[in-house]
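Visitor: This structure is in structure tokens; I'll ask about it shortly.
The values are calculated or read from the model by the stated rules, or taken from the named source; none is laboratory data. Note that this is a predicted model, so its numbers are computed, not measured. Cβ placement follows ideal geometry from the backbone for every residue including glycine, while neighbour counts extend to all protein chains displayed.
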Amino acid sequence: MAFTSEVSVPVFLQKNMRRKLLTGLIIICSVSATAQDTLNIDTLMIFDGRTRGTLTQNTSITCIDAKTLQKAPVHSVEDYLDYLPWLDLRSRGNMGVQGDLSIRGGNYEQTLIMLDGVPMTDAQTGHHNLNLMLPPEMYKTMEVRANGAARIYGPKAMSGSVNFTTQLPDKNSAFASVFGGEHGFKRLAAGVSGYRKGWGAGISGQTLSHNGFATNTDMEQNSLFGQIYRKDKAGKIWMNAGIGNKRFGAQNFYSSRFPFQQEYTQTRLITVNWEYYWGKWQWVGNSYYRYNHDRFELYREGDGWYQRSGKRYVRGTDTTPTWYAGHNYHQSIARGGMNNISRRFGVHTVSIGLEYRSEFVRSNVLGEPGDTLEVSFGSDGAKFTRSARRENWSAYLEDKIQWKNWVVSGGILINRNSAFGSGIFPGIEVVKTLKKARVYASANKGFRLPTYTDLYYNIGGAKGSKLLKPEEAISYELGTRFSLKESRFQFAAFARDGKNLIDWVRFNGSNVDSAANLTQVFYYGVDGYWEYLPKKPLVGVLQKISAGFLMMNADKKSEGFQSFYALDFIGQKYTLQAEWKLHKNINLNTMGYLQKRMGGYKLPGKTTETAYPYAVAMDVRLTATLKQLKLFAEATNVFDSPMMDLGNVVLPGRWVKIGLSALVQ
């Protein structure tokens, strides 16, 4: 059932708002371009959409390298992303339990997650998109594009994308890490790689668990990841293969009406990537298979929890309702690949390519009635009775023109989906290098398809809709990057005009959560980042300091209903990081943020919304280096602040951990 919000801004005000915004964007970029002395921008190699490129060719991309990740007090790479001002990691549980990543007000379903350029999109639900299976030590970079563009990354990248790149086994090395801490926290990770005469191979694994910081918040996860690598004069090819298992208490995760939830997931992945170069020609491509199994228990089963008794589940004097026939089981399988050919013709680099993806789900809840099949993963005799399948084809053409101090990149993607028809998605980006700054502007159209949960889920007071349409948006951005002596700056003003946005909403006085297409929503805002790298440490100890901000809004609010995602974006966010050298072998890393989320949530038993409070976070890690060994002492949420990214889902307070790692190369 489609939904149209009654809360809207008159058309003439929307047009006036857009006019003021675009004027402000031009002023910001003009002032920034004339106020600096020097230009000093990193030229890290990145996966720039269909081809390999450099960061200087597309300044809307931020790249975080391995050294930065390893200094941070995090035990999953996605947790680090919460400290970038334009990103929002809505955690239901940290350390890789479950996090929904969104960019500049977009929701987690509109953010494309990639591993070495391969989409990790889960057709069942975007809650599984970050089911990655590498220990943090195995990542090389995180490449964040804070702007949507279907022509560059295809479906799902409606508000932006994050590409996690792996450390390829191109040298002989080994590592091991062991951590322990409060709440029974334990983490053990190890890996080894070897390289000889153009061939490399590596394997790594991790086990992580804790007893929980509150009722029903315990978790355990295990993963294993392997690589085979071949490099020659023309290029390289490598294969990734991994498996990851997770089990976690999901207190209030999806509904406070049924607090004692639990979830199991198992993810398997096989990918093959290649990059080859012959003179002016470049060939980049991949193929992949991704499998995810999800067992969701609305009533947690196990010792001390609910136990099966006939056709019902019983815990003491509490018995599940008659409509709860058993747990939810889902299998989602994605297969696909991409091939891109590009060639330089003078100032032009022309790229053309094809991409294919098949998505299939088998479930006892999602899809259309079909064949009956026994559930083999963690089942008590349950059967798959439903399924759904769809296929997606994309063809694209792009031309990048590099002339003097200009870079103009424009292209178009034609998309065909077996369930939702065809669409055309153009875009353009312009970069101008001035004497003292680099200025860029872009306009791109993006889209994303409803997940099978959006379409079919109908249990426990949550109701999907098969009438949902794909959502679309046009994203605009104007920005600049520049350096001034020992400082680096970046500023951007952005807007996103969304159409048919998919959200889960609950009207005041109702207990039903419904999937719906919202009317057009216009998001707009500004963000910025400053990094100071003194040649000599300040006051003898401060080696680096950085700060960022985000301020944004939308022309609609969740009045008369609760928005779970589309209108619960972060309106203000301020970040601060610092690196301190306390001794020649002792370093301190501090990371913090202050943020205010728009919208609100409903407390159990209430029918009206409660606004989200300001959230304050501060994490620290102390590192002592002794040759190949590193000793760690860290604390997250050091102020013991009440933390909540999603209504009624409480996050950990202060948490102290210690650890030891060794690296041999």
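Visitor: Working carefully through the options 387, 363, find the one that is within 30 Å of residue 249 (Cα to Cα), small (Gly, Ala, Ser) and crowded, with 20+ Cβ neighbours inside 10 Å.
Guide: 363
Visitor: Filter segment 275-320 down to the residues that are β-branched (Val, Ile, Thr) and assigned to a loop (DSSP other than H, G, I, E, B), then identify the one that is surrounded by the fewest Cβ atoms within 10 Å (Cβ to Cβ).
Guide: Out of the qualifying residues, it is 317.
Visitor: Oh, and also: Could you figure out which of (1) under 28 Å from the mean Cα position of the chain (by Cα); (2) surrounded by fewer than 16 Cβ atoms within 10 Å (Cβ to Cβ); (3) at pLDDT 90 or above; (4) not hydroxyl-bearing (Ser, Thr, Tyr) isn't true of residue 377?
Guide: The failed condition is (3).
Visitor: A further question on this structure: Would you be able to tell me the number of residues in segment 279-331 that are without any contact (Cβ under 8 Å) to a residue 12 or more places away in the chain and more than 23 Å from residue 462 (Cα to Cα)?
Guide: Total satisfying the criteria: 8.
Visitor: Within segment 463-475, can you find the residues that are over 24 Å from the mean Cα position of the chain (by Cα) and either in a strand (DSSP E or B) or crowded, with 22+ Cβ neighbours inside 10 Å (or both)?
Guide: Answer for segment 463-475, where residues must be over 24 Å from the mean Cα position of the chain (by Cα) and either in a strand (DSSP E or B) or crowded, with 22+ Cβ neighbours inside 10 Å (or both): just 463.
Visitor: While we're here: Could you give me the residue pairs with C-beta distances under 6 Å whose first residue belongs to segment 525-541 and is under 9 Å from residue 490 (Cα atoms), whose second residue is outside any strand (DSSP E or B) and not hydroxyl-bearing (Ser, Thr, Tyr) wherever it lies, and which are 6+ apart or on separate chains?
Guide: Once the first residue is under 9 Å from residue 490 (Cα atoms) and sits in segment 525-541, its partners that are outside any strand (DSSP E or B) and not hydroxyl-bearing (Ser, Thr, Tyr) give 527/85; 527/86.
Visitor: Mind listing just one residue for me: the one in segment 91-117 that is of a type in the set (A, V, I, L, M) and part of a strand (DSSP E or B) and, of those, farthest from residue 273 (Cα to Cα)? Talk me through it step by step, then tell me what you get.
Guide: From segment 91-117, those of a type in the set (A, V, I, L, M) are 95, 97, 101, 103, 112-115; that's our starting set.
Checking which are part of a strand (DSSP E or B) leaves us with 101, 103, 112-115.
Details: 101: 25, 103: 27, 112: 18, 113: 16, 114: 13, 115: 10 Å.
The extreme case among them is 103.
Visitor: Turning to a different aspect of this structure: Considering only segment 118-127, I want to know if a residue exists there that is part of a loop (DSSP other than H, G, I, E, B), touching an Asp or Glu at 6+ places or on another chain (Cβ under 7 Å) and modelled with pLDDT of 90 or more.
Guide: yes
So that you can scan it fast, the table gives a plain yes or no per residue for (1) farther than 25 Å from residue 290 by Cβ; (2) modelled with pLDDT of 95 or more; (3) touching a Lys or Arg at 6+ places or on another chain (Cβ under 9 Å); (4) in a helix (DSSP H, G or I):
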residue	(1), (2), (3), (4)
176	yes, yes, no, no
188	yes, yes, no, no
195	yes, yes, yes, no
200	no, yes, yes, no
204	no, yes, no, no
221	no, yes, yes, no
227	no, yes, no, no
238	no, yes, yes, no
241	no, yes, yes, no
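Visitor: When residues of segment 626-637 are filtered for being free of Cβ contacts under 8 Å to residues at least 24 places away in the same chain and within 25 Å of the chain's Cα centre (by Cα), how many remain?
Guide: Total satisfying the criteria: 1.
Visitor: Restricting to segment 210-234, name every residue that is closer than 24 Å to residue 339 by Cα, small (Gly, Ala, Ser) and surrounded by 16 or more Cβ atoms within 10 Å (Cβ to Cβ).
Guide: Within segment 210-234, 226 is the sole residue that qualifies.
Visitor: Scan the strands (runs of 3 or more DSSP E) fully inside segment 549-637 and keep the ones with 3 or more residues being of a type in the set (Ser, Thr, Tyr). It would help to see each step written out before you state the result.
Guide: Values: elements: 561-563, 570-583, 586-597, 614-626, 629-636.
Ranges flagged: 614-626.
Visitor: Now, a different point. Hey, among 209, 204, which residue is more than 14 Å from the chain's Cα centre (by Cα) and under 27 Å from residue 296 (Cα atoms)?
Guide: 209
Visitor: Another question, if that's okay. Any residue in segment 566-583 that's touching a residue at least 40 places away in the same chain (Cβ under 8 Å) and farther than 21 Å from residue 616 by Cβ: show its pairings with residues that are among the basic types (Lys, Arg) and surrounded by fewer than 24 Cβ atoms within 10 Å (Cβ to Cβ) at Cβ separation under 9 Å, as long as the two are six or more apart or on different chains.
Guide: Pairs that qualify, where the first residue is touching a residue at least 40 places away in the same chain (Cβ under 8 Å) and farther than 21 Å from residue 616 by Cβ and the partner is among the basic types (Lys, Arg) and surrounded by fewer than 24 Cβ atoms within 10 Å (Cβ to Cβ), are 566/556; 567/556; 567/557.
Visitor: Is it the case that residue 449 is under 30 Å from residue 296 (Cβ atoms), among the hydrophobic types (A, V, I, L, M, F, W, C), buried (at least 22 other Cβ atoms within 10 Å of the Cβ) and touching a Pro at 6+ places or on another chain (Cβ under 6 Å)?
Guide: Yes, satisfied.
Visitor: Where residues in segment 645-661 are farther than 19 Å from residue 72 by Cβ and not in a loop (DSSP other than H, G, I, E, B), which of them is nearest to the chain's Cα centre (by Cα)?
Guide: Residues of segment 645-661 farther than 19 Å from residue 72 by Cβ: 646-650, 653.
Cutting the leftovers down to not in a loop (DSSP other than H, G, I, E, B) gives us 646, 649.
On the way: 646: 16, 649: 19 Å.
Only one residue tops the list, namely 646.
Visitor: Return the residues of segment 313-347 that are of a type in the set (Gly, Ala, Ser) and farther than 30 Å from residue 154 by Cα; say none if nothing qualifies. Don't jump to the end; show me each part of the working.
Guide: Restricting attention to segment 313-347, the residues satisfying the condition of being of a type in the set (Gly, Ala, Ser) are 316, 325-326, 332, 334, 336-337, 342, 346.
Result: 316, 325, 326.
Visitor: Let me ask you something else. Could you say which residue among 643, 598 is over 19 Å from residue 93 (Cβ atoms) and surrounded by fewer than 20 Cβ atoms within 10 Å (Cβ to Cβ)?
Guide: On the way: 643 fails: over 19 Å from residue 93 (Cβ atoms).
Among 643, 598, only 598 is over 19 Å from residue 93 (Cβ atoms) and surrounded by fewer than 20 Cβ atoms within 10 Å (Cβ to Cβ).
Visitor: So residue 598 passes all but one of these: (1) without any contact (Cβ under 8 Å) to a residue 60 or more places away in the chain; (2) out of contact with any strand residue (DSSP E or B) (no Cβ under 9 Å at 6 or more places or on another chain). Which condition number does it fail?
Guide: That leaves (2) as the condition not met.
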